[in-house]
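This report concerns only the one structure given below.
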């Protein structure tokens, strides 16, 4: 009877260990926090998206506000086209928001960091243009709702900074060092 009880306890212990390993695997792979539900997609183009992966975080001010949904190569412009899925609660980001690819730590995973732009107001822009041209602007003539232009489904982020590749930086440093030492030896 005690042998049977010991086998049951060992079985429960092994099952609990398997559940714990599964939970750990889900946490490490970020699959548990990935949801493709509510939100909207924006597009950003980068010259180099090295190391960026689908499901990489999209952050602003250090807080995750979305995930990378897709990465593809554009044969016409020779750029990486990255689709960012932002949460539906982030619909007030200015249209001139910029995107950069960063590395978490020295050799950590890559992520996209967003910086909000100035968020110009369409009506204010029209009034400024009219004033600079020597004319006046009637607020009633303004076509728009008076709200700042914001990112929405299908928007394109035009201000981007590509991924820094450690190997390229080291290569540039070594090349510069060697060229400086050759110049010093000739003198």
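Derivation of every value follows stated rules applied to the coordinates shown; laboratory data play no part. Keep in mind that this is a model prediction, so the values were computed, not measured. For neighbour counting, all protein chains shown are included, and Cβ atoms are generated from backbone atoms with ideal geometry for every residue, glycine included.
Here are a few things to note about the model shown:
- Each of 42, 68 was scored by other Cβ atoms within 10 Å of its Cβ. Arranged with the fewest first, they read 68, 42.
- Ordered by the count of other Cβ atoms within 10 Å of each Cβ, fewest first, 67, 45, 72 give 72, 45, 67.
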